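First comes the structure, then the notes that go with it.
The values are calculated or read from the model by the stated rules, or taken from the named source; none is laboratory data. All figures in this text were calculated on a predicted structure; none of them were measured in a lab. Heads up, the Cβs are rebuilt from the backbone with ideal geometry, glycines too, and the neighbour counts pull from every protein chain shown.
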Amino acid sequence: MRDIVVGDRTISVWHVGVEPLEDGEIHRYRASISESDATTGIAILRASVAVDARVLKSVIENELVGEYEGSREHGLLRDADTRAWRDLNRVALEQTVRNLEREILELPDEPVSKIERTLMRAFGMSSIAKAEE
């Protein structure tokens, strides 16, 4: 689980499951925001269960900043108080996304498919390759 504070609220994201596919794994995450009962789920094709900057950026960008269509009906924005908070904190949310983008640049590349993982292992190019030896 990872929390990030924006304004006077905390956005929490945690891993809830994995669905193996032929070319990789779909990781499922839940997200909530303090002072709200609304939660949402996101699914990302990736190789890690980690709730890192990539996952946080996806949640904030899609659910709060980008106004993903489904968020108002089924996501974090279905709560009117959260929508009002988002409107008051839009600049802080956009800055948080930019900060997460900088953090992502520092993260190692993440292979998402079995083929990519195989190539990375074959050439010894990743922490996955070292961890699986």
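From the set of residues in the range 1-22 that are of a type in the set (A, V, I, L, M, F, W, C) and farther than 19 Å from A50 by Cβ, which is surrounded by the fewest Cβ atoms within 10 Å (Cβ to Cβ)? If we take residues in the range 1-22 being of a type in the set (A, V, I, L, M, F, W, C) and farther than 19 Å from A50 by Cβ, then V5 is surrounded by the fewest Cβ atoms within 10 Å (Cβ to Cβ). Candidates R2, R78, R54, R46: the one that is more than 21 Å from A92 (Cα to Cα) and charged (D, E, K, R) is R46.
Taking the criterion of being charged (D, E, K, R), surrounded by 14 or more Cβ atoms within 10 Å (Cβ to Cβ), within 14 Å of the chain's Cα centre (by Cα) and modelled with pLDDT under 95, would at least one residue in the range 23-41 satisfy it? The answer is no; no qualifying residue exists.
The selection criterion, being outside any loop (DSSP other than H, G, I, E, B), over 16 Å from the mean Cα position of the chain (by Cα), under 16 Å from V5 (Cα atoms) and at pLDDT 80 or above, holds for T82.
Would you say L64 is buried (at least 18 other Cβ atoms within 10 Å of the Cβ), touching a helix residue (DSSP H, G or I) at 6+ places or on another chain (Cβ under 7 Å), over 30 Å from I115 (Cα atoms) and not charged (D, E, K, R)? When the stated conditions are applied, L64 passes them. For the range 67-79, taking the residues that are surrounded by 12 or more Cβ atoms within 10 Å (Cβ to Cβ) and part of a loop (DSSP other than H, G, I, E, B), the one that is modelled with the lowest pLDDT is identified as E67. Applying the criterion of being among the small types (G, A, S) and surrounded by 12 or more Cβ atoms within 10 Å (Cβ to Cβ) to the residues of the range 93-133, the residue that is modelled with the lowest pLDDT is A129.
Picking from residues in the range 1-51 that are touching a residue at least 40 places away in the same chain (Cβ under 8 Å) and hydroxyl-bearing (S, T, Y), the one that is nearest to G75 (Cα to Cα) is S32.
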